[in-house]
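Before any comments, here is the structure.
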Ligand code: NAP
């Protein structure tokens with residue numbers, strides 16, 4: 001029977017590390033009142049989104065990040081949300097901006113995400129940060145894929161050289177995750193709703209990460225013996241309980257490591273949001289000044 005990866009416990013460890021990191025910075029000369037700030041924007045009345053935002057704001061307070069909550073009515077226009085983002089971009093005490101998704105139907109998320117300053121984009125969804133990931137450059141990485149990488153790390157299984165299958169290709173989870181795994185030298189296959197014979201891909205995978213959102217989309221007997229299975233999917237059963245994508249009871253007897261739903265990736269997504277916020281606060285307030293003009297860009301040498 002596989003080891004069930006305890007995302008809740010691991011997220012606690014990450015949060016404790018962040019608390020200590022903030023405390024260390026405050027001990028530095030002139031930094032005793034240093035505190036990272038995260039602005040959250042919630043548009044509308046969706047109960048699940050309200051619950052997610054409250055969890056994130058509570059987690060902020062626990063580690064020493066100041067949450068600045070902004071609630072807008074479901075009728076808020078694109079100009080109102082955009083103007084709020086503009087004001088938050090300009091505030092020096094706000095180091096990260098989180099626009100809670102999904103948005104009401106009349107608002108286009110891509111345009112509003114683009115309005116967030118890339119160095120405050122703690123969700124890692126701005127095209128600049130997604131582009132940096134694609135190019136292998138430093139930048140803010142999306143929280144859920146980053147949480148998945150941490151959870152795999154917790155298993156102790158090396159990613160390098162493994163056959164990884166990612167099911168799902170959204171900009172939020174599947175695509176950035178495939179890039180993060182590729183960056184760590186896995187051989188990555190991305191599956192989606194048009195993939196033929198998805199079971200054949202999964203049967204060969206040492207590592208399966210699934211982000212579909214349909215219960216039992218991934219059958220337990222497709223899992224290779226000894227594989228690591230990370231279930232990102234969340235859907236609600238008729239009885240109100242949360243379910244993942246994987247047929248857990250069968251899969252856990254075949255996998256070496258498996259993440260549960262709830263209690264797997266979810267808590268790490270929140271922990272990674274906090275980590276990204278601390279990182280942006282450090283970069284915006286503690287990073288040494290750039291070199292004086294003339295000492296930076298040297299131009300391209302003509303051969
Ligand atoms: P999404 O944008 O709806 O993407 C779902 C992906 O699944 C799409 O790429 C889709 O393929 C693919 N798909 C759908 N049916 C399939 C099937 N039968 N076989 C194979 N692939 C199939 O969703 P998302 O935003 O990526 O989120 C995915 C899931 O993760 C959701 O349940 C969401 O709630 C959950 N989630 C959890 C967390 C967390 O913190 N735990 C965070 C984010 C998301 P096409 O591209 O071909 O349509």
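Scanning region 89-107 for residues that are under 15 Å from residue 41 (Cα atoms) and part of a helix (DSSP H, G or I) turns up at least one hit. Exactly one residue out of 211, 158, 164, 217 is in contact (Cβ under 8 Å) with a residue 40 or more places away in the chain and more than 13 Å from the ligand (Cβ to nearest atom): that is 164.
In region 29-61, how many residues are part of a helix (DSSP H, G or I) and free of Cβ contacts under 8 Å to residues at least 60 places away in the same chain? Walk me through how you get there before you give the answer.
Narrowing region 29-61 to residues part of a helix (DSSP H, G or I): 47-61.
With the extra rule that they be free of Cβ contacts under 8 Å to residues at least 60 places away in the same chain, the set shrinks to 47-54, 57-58, 61.
Residues that pass the stated criteria total 11.
Does residue 288 fit the bill of being within 16 Å of the ligand (Cβ to nearest atom), surrounded by fewer than 23 Cβ atoms within 10 Å (Cβ to Cβ) and either modelled with pLDDT under 95 or part of a loop (DSSP other than H, G, I, E, B) (or both)?
Working: within 16 Å of the ligand (Cβ to nearest atom): no; surrounded by fewer than 23 Cβ atoms within 10 Å (Cβ to Cβ): yes; either modelled with pLDDT under 95 or part of a loop (DSSP other than H, G, I, E, B) (or both): yes.
When the stated conditions are applied, residue 288 does not pass them.
Condition test on residue 146, is it more than 30 Å from residue 224 (Cβ to Cβ), under 15 Å from the mean Cα position of the chain (by Cα) and surrounded by 14 or more Cβ atoms within 10 Å (Cβ to Cβ)? Against the criterion (more than 30 Å from residue 224 (Cβ to Cβ), under 15 Å from the mean Cα position of the chain (by Cα) and surrounded by 14 or more Cβ atoms within 10 Å (Cβ to Cβ)), residue 146 does not qualify.
Could you list, in sequence order, the residues of region 247-264 that are within 12 Å of the ligand (Cβ to nearest atom) and farther than 23 Å from residue 161 by Cβ? So that I can check it myself, show each step before the final result.
So in region 247-264, the residues within 12 Å of the ligand (Cβ to nearest atom) come out as 259-264.
Selection gives 260, 261, 262, 263, 264.
Restricting attention to region 183-197, the residues that are under 16 Å from residue 246 (Cα atoms) and buried (at least 19 other Cβ atoms within 10 Å of the Cβ) total 1. Going residue by residue through region 142-154, is there one that turns out to be in contact with a strand residue (DSSP E or B) (Cβ under 8 Å, 6 or more places away or on another chain) and more than 10 Å from the ligand (Cβ to nearest atom)? Among the residues of region 142-154, at least one is in contact with a strand residue (DSSP E or B) (Cβ under 8 Å, 6 or more places away or on another chain) and more than 10 Å from the ligand (Cβ to nearest atom), which makes the answer yes. Of everything listed in (1) within 16 Å of the ligand (Cβ to nearest atom); (2) touching a strand residue (DSSP E or B) at 6+ places or on another chain (Cβ under 6 Å), the single unmet condition for residue 101 is (2).
In this structure, residue 243 does not qualify as within 12 Å of the ligand (Cβ to nearest atom) and modelled with pLDDT under 95. Could you tell me whether region 24-36 includes any residue that is buried (at least 17 other Cβ atoms within 10 Å of the Cβ) and within 23 Å of residue 111 (Cβ to Cβ)? Checking region 24-36: not a single residue is buried (at least 17 other Cβ atoms within 10 Å of the Cβ) and within 23 Å of residue 111 (Cβ to Cβ). Reported count of residues in region 220-240, each being in a loop (DSSP other than H, G, I, E, B), modelled with pLDDT of 95 or more, more than 12 Å from the ligand (Cβ to nearest atom) and surrounded by fewer than 22 Cβ atoms within 10 Å (Cβ to Cβ), is 3. The set of residues from region 101-134 being touching a residue at least 40 places away in the same chain (Cβ under 8 Å) and crowded, with 19+ Cβ neighbours inside 10 Å comprises 103, 107, 120, 122, 123, 124, 125, 130, 133. Listed by first and then second residue, the pairs linking a residue in region 262-273 that is at positive phi and at pLDDT 95 or above to a residue that is in a helix (DSSP H, G or I) and crowded, with 24+ Cβ neighbours inside 10 Å, with Cβ atoms under 6 Å apart and 6 or more places separating them unless they lie on different chains, are 263/7.
One residue alone among 205, 178, 196 is without any contact (Cβ under 8 Å) to a residue 24 or more places away in the chain, more than 10 Å from the ligand (Cβ to nearest atom) and in a loop (DSSP other than H, G, I, E, B), and that residue is 196. Scanning region 1-11 for residues that are in contact (Cβ under 8 Å) with a residue 40 or more places away in the chain and part of a helix (DSSP H, G or I) gives 7, 8, 10, 11.
The values are calculated or read from the model by the stated rules, or taken from the named source; none is laboratory data. Just so it is clear, the model here is predicted, and its values are computed rather than measured. Here Cβ is always computed from backbone atoms with ideal geometry, including for glycine, and neighbour counts include all displayed protein chains.
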